[in-house]
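Here's the structure we're looking at; comments come further down.
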Amino acid sequence: MKLRKRKPIGKHAVKYIEKLYALYAKRLFFVAKGYVKDTELAEDILQTVFERALKYPDSIMKVPEEEITYFLMAMIKNTAYAFLKKEKQNAHQALTYDDGSEGDHIEDPNDDYIQLIDLQALKETLNKLPQKEKDLLIFRYVYGFKCKEISDMFQVSERSIKSRCSIARKNLRRLLEKDGNV
C-alpha cells in the first residue's frame, strides 16, 4: 500500500481553521447534538469535522466567507448521518429483564436466525468452526471490519471474503441449530 505524501499545512490555513473553530464550534456542536441526541457523539462529530478541515485545508479555504457557515453545517450534517448509519449497522440490544438486570443474551434485529442467543453457547459454537471461518466472523462482526479491509489484510479478493463470510455464517447457523440454540 502506498502512502500519499501531503504537503504541509500553511500557517495561514491553520490560523483560519482555528478562527472558524472559535467562531462556530459551539453552534456546530448544538447542531450535531440535535441530529444525534448524544453529547459525546456530538463532540466526536465536531472533532471529526475540524480534523477533516485540517486534513484538507484547500477545500475549506476556497469557500467564500459568507458561505462558510453553510459549508460547516453541511459537513456536520453529513458526518452526523454517517455516524448514525455506522452506529445502526453495529447496533445490538441487550436483553433487559423487568427488574432492570441484563441477561447473557443479545438481540440482533438484522439476523432473523439469531434473535436471542446465549452468549456462552455462541462462544462455544464459534470454537467448533474451523479457525479461518472463526477468524473471519470475528473480524467482520465483532471488530466491525469491512470486507474490503479484511481482503486487504488476508491478501485475497473482496469477493472471496464475502463468499467465505457467507459460508461461515451458514456453518455457524447449522451448528447453532444442531445444538438447539436457535
- Message: Tell me the net charge near Met73. Cut-off is 15 Å between Cβ atoms, Met73 excluded, with +1 for each Lys or Arg and -1 for each Asp or Glu.
- Response: +2
- Among all the lysines, which ones have a C-alpha under 28 Å from Lys178's C-alpha, if same-chain residues fewer than 8 places away are not counted? Lys123, Lys128, Lys132, Lys134, Lys162, Lys170
- Message: What lysines does Lys37 reach when the alpha-carbon gap must be under 23 Å and sequence neighbours fewer than 8 apart in one chain are set aside?
- Response: Lys26, Lys77, Lys85, Lys86, Lys88
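Readers should treat all values here as calculations from the given coordinates under stated rules, not as data from a laboratory. Small disclaimer: the values here were computed from a predicted structure and weren't measured. All Cβ positions, even for glycine, are placed from backbone atoms using ideal geometry, and neighbour counts span all protein chains on display.
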